[in-house]
Amino acid sequence: ELQVQAGAPVAAVGRLDSHAMFVAGVPFVVGITYVLASRAYSLPTTLLFAATLGVALITVVTALVSFDYYASWHIQEQYASKRFRAAHLVFRGAEVGGRIMVLV
């Protein structure tokens, strides 16, 4: 797997492959959405585009959550306070939720 820093443990930093999947997947989601909404297609074609869009959304959301999880884990490791960890968990959850809402 690709990592942000060579030799760093996977859990210590956000994974580059997750970030790359997110960056590459968002334009694909936008493009498929545009194609699907731009004109009328036959039912099988519409279902195919909708299924492709669904899989692409799942891939993008999975990449986003994975990257956020590893980045969050690394930040939490830097600060040992339970109060900080709780506040950080709430913040990251809200951030991920906001990003998912933007995609949907």
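No lab work stands behind these numbers, since they all come straight from the coordinates. Predicted model only: the values in this text are computed from it and were never measured.
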More than 17 Å apart: what percent of Cα pairs in region 14-54 qualify?
39
Yeah, region 28-104 with a ≥ b ≥ c from its alpha-carbon gyration tensor (a/c under 1.5 is rounded, else prolate when a/b outruns b/c, oblate otherwise) is prolate
